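What follows is a short report on a single structure.
The values are calculated or read from the model by the stated rules, or taken from the named source; none is laboratory data. It should be emphasised that the depicted structure is a prediction, and the values quoted were computed from it without experimental measurement. Here Cβ is always computed from backbone atoms with ideal geometry, including for glycine, and neighbour counts include all displayed protein chains.
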Amino acid sequence: MNIFNATPLFSLVLLLFSIPLFAQHSTERVPISETYSTNAKFMLRSVSYDHQYPNLIGESTVTYNDKYESPGIKKVLYRIERSFDLSDSEPFFVALSNDGRKILYLIDRNYHKGEENQQATYYVDGKLTKTYTAETFTNCDKQKEKCGMFYPSNYKLYQERRSTFKQYREGVTEQEKFLEKNFVFNKNDTVYLIDARKKVTLFDLNKGEIIQNNIELHELYPKIAGIEAVKSRISYYRYPFKYLTDIQRTQDGKQLSAALGELLNLKYVHMDDTTFRRYAHYKIDMGAYLHRNGRLQLVDFNPGEGLDSIKIRNYLENTTFETTFMPREVDKLYLNHFFGGYRSPDEEVAKAHTRTEMEKSKLAAQKRLTAERIGEHYIPKNLQECMIELDKILNFQAKQQLGQSKMDWEFNSHGGGLGTWIRNNWGLHGGSRLLVYFKNRGIGNDGHGADQISGTIITQYKKWLEGQTNAWKQWEKEHPLKKN
């Protein structure tokens, strides 16, 4: 199967492995994990407080295993205001040192911005000390070889699965069986990581240093063949999928969305309301912990322009909300998603505000047509720059597969591949200088213009990969600027 025909997330992961993806999983089963030090003297307990993973929204505690603060309550060494999310279905990994003071956390790719969201993070006494990308941790050159933090699970090892057992296929080697379960483990404060190239990196948990990397597995395998990694213990609780707009104040059961409307003398309109798109609305972007005592702890708070942020904050921080929906396993939950917005209850005032916002949108759209950057992405100004930027963005594996493919259309599909990335990030839907460049040459003026442009870019980039680095010049000659 072609990687660009896989699920949207999976195809983007492989295709754009060289840049942060900022995408994550959503789950109803939220993890709580327990990880022991090799000497079993300490335990790291990590709790996630929301339904998306991996991220930092949670809490972790390192405790002694043989010391107690009170009967049944283990003595705490320290706490960290973040979770180290683990999952039975993902290759995330955490290791705790024998003195309980050091933690190494590894994930397969970037899901968010920020140092604490790097693929390898190292903590001492609860404080972030070092970070690594997968490439720096494994010493892999993403432009010359296939890089990946973990050796991938190989489901081809098994015959057809049954409901009560699975059986290896004939010919599967002992090393292949070993790799499936033991591609990363902690042995006496040395972490062994086998990456996608089947090369080993050794990391010293105590010193916080890479001992060695790029070790060929066959050299080390005889020494570790008898090891079987003991996984972290993971349990789950069911996330209730309650949103901030839904929570109810304890005094009368009124939903927060309606209560804020009363406070601000504005009309709340849910995004599913048939009138929602007729008007411009004041929006609230926020995320908060709801504690079991009913109080909100704001984490992200960004009221839209035109709203009284001080009044809203004071209300949120001094109101008690119902918590009967909270799972018994946790004492707080992270809630976000404020679906909908606010407008004046006076129709004429709401219409006037809408006209004003439409004018602002027009001006913003005009600026997009000449902007060098839109959001975080540089916008190529011509076909040649598209080639140069794709060379920077795509990794070795993606370039290799694109160059070998005989069917360009596969990469331009709407399944989350290269074409989707180009259309979404280079402004082919919302307007950009690149869109103007192509339209001025007669490309992209019909109903499927964005697809046509991204398809053109992909076709020309394939030629670039084949060594035809001046093919873009010929394309420009064949598609001259249209006269007004």
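Of note, Gly304 does not satisfy the criterion of being crowded, with 17+ Cβ neighbours inside 10 Å and either on the phi > 0 side of the Ramachandran plot or among the small types (Gly, Ala, Ser) (or both).
A count restricted to the stretch 273-287 and to residues that are touching a residue at least 12 places away in the same chain (Cβ under 8 Å) and over 21 Å from Leu298 (Cα atoms) stands at 6.
Got a number for residues in the stretch 216-231 being of a type outside the set (Gly, Ala, Ser) and within 18 Å of Thr35 (Cα to Cα)? Show your work before the answer.
At the first step, the residues of the stretch 216-231 found to be of a type outside the set (Gly, Ala, Ser) are 216-224, 227-228, 230-231.
Cutting the leftovers down to within 18 Å of Thr35 (Cα to Cα) gives us 227-228, 230-231.
Residues meeting the conditions: 4.
Would you mind stating whether Glu262 is among the acidic types (Asp, Glu), exposed (fewer than 14 other Cβ atoms within 10 Å of the Cβ) and modelled with pLDDT of 95 or more? Yes: the conditions hold for Glu262. If you check Asn302 against the conditions, is it free of Cβ contacts under 8 Å to residues at least 40 places away in the same chain, part of a loop (DSSP other than H, G, I, E, B) and not hydrophobic (A, V, I, L, M, F, W, C)? It is false that Asn302 is free of Cβ contacts under 8 Å to residues at least 40 places away in the same chain, part of a loop (DSSP other than H, G, I, E, B) and not hydrophobic (A, V, I, L, M, F, W, C).
One residue stands out among those in the stretch 228-256 that are of a type in the set (S, T, N, Q) and more than 16 Å from Asn318 (Cα to Cα): the one that is surrounded by the fewest Cβ atoms within 10 Å (Cβ to Cβ), which is Ser235.
Checking each residue in the stretch 345-369 for being farther than 14 Å from Gly430 by Cβ and in a loop (DSSP other than H, G, I, E, B) picks out Pro345, Asp346. Taking the criterion of being on the phi < 0 side of the Ramachandran plot, outside any loop (DSSP other than H, G, I, E, B) and surrounded by fewer than 16 Cβ atoms within 10 Å (Cβ to Cβ), would at least one residue in the stretch 423-436 satisfy it? Looking for residues that are on the phi < 0 side of the Ramachandran plot, outside any loop (DSSP other than H, G, I, E, B) and surrounded by fewer than 16 Cβ atoms within 10 Å (Cβ to Cβ), one finds at least one in the stretch 423-436, hence yes.
Name the residues in the stretch 240-257 that are aromatic (Phe, Trp, Tyr) and modelled with pLDDT of 95 or more, would you? Passing the criteria: none in range. When the residues of the stretch 127-157 are narrowed to those that are assigned by TED's automatic domain parsing to the domain that holds Glu115 and in a helix (DSSP H, G or I), which ends up surrounded by the fewest Cβ atoms within 10 Å (Cβ to Cβ)? Checked the stretch 127-157; the qualifying residue surrounded by the fewest Cβ atoms within 10 Å (Cβ to Cβ) is Thr136. For the stretch 93-106, the criterion of a residue being free of Cβ contacts under 8 Å to residues at least 40 places away in the same chain and more than 26 Å from Lys207 (Cβ to Cβ) is satisfied by no position.
Number of residues in the stretch 351-404 that are of a type in the set (A, V, I, L, M), over 30 Å from Arg197 (Cβ atoms) and under 24 Å from the mean Cα position of the chain (by Cα) equals 2. Scanning the stretch 374-399 for residues that are modelled with pLDDT under 95 and basic (Lys, Arg) returns Lys392, Lys399. Restricting attention to the stretch 83-101 and to residues that are over 16 Å from Asn65 (Cα atoms) and among the charged types (D, E, K, R), the residue that is surrounded by the most Cβ atoms within 10 Å (Cβ to Cβ) turns out to be Asp85.
Note on the stretch 370-401: residues that are part of a loop (DSSP other than H, G, I, E, B) and either surrounded by fewer than 13 Cβ atoms within 10 Å (Cβ to Cβ) or in contact with a Phe, Trp or Tyr (Cβ under 9 Å, 6 or more places away or on another chain) (or both) amount to 10. Looking across the stretch 184-216, the residues that are within 23 Å of Met43 (Cβ to Cβ) and either among the acidic types (Asp, Glu) or buried (at least 16 other Cβ atoms within 10 Å of the Cβ) (or both) come down to Val184, Phe185, Asn186, Asp189, Val191, Tyr192, Leu193, Phe203, Asp204, Leu205.
Among the residues of the stretch 454-484, just one is surrounded by 15 or more Cβ atoms within 10 Å (Cβ to Cβ) and in a loop (DSSP other than H, G, I, E, B), namely His479.
If you go through the stretch 313-349 and keep only what is surrounded by 16 or more Cβ atoms within 10 Å (Cβ to Cβ), within 20 Å of Leu266 (Cα to Cα), hydrophobic (A, V, I, L, M, F, W, C) and at pLDDT 95 or above, you end up with just Leu316. Determine if the stretch 358-368 includes at least one residue that is touching a Phe, Trp or Tyr at 6+ places or on another chain (Cβ under 7 Å) and in contact (Cβ under 8 Å) with a residue 12 or more places away in the chain. No, every residue in the stretch 358-368 fails to be touching a Phe, Trp or Tyr at 6+ places or on another chain (Cβ under 7 Å) and in contact (Cβ under 8 Å) with a residue 12 or more places away in the chain. Checked against the criterion of being out of contact with any Ser or Thr (no Cβ under 6 Å at 6 or more places or on another chain), in the same structural domain as Thr138 (by TED's automatic domain parsing) and surrounded by fewer than 12 Cβ atoms within 10 Å (Cβ to Cβ), the candidates Glu219, Glu160 yield just one match: Glu219.
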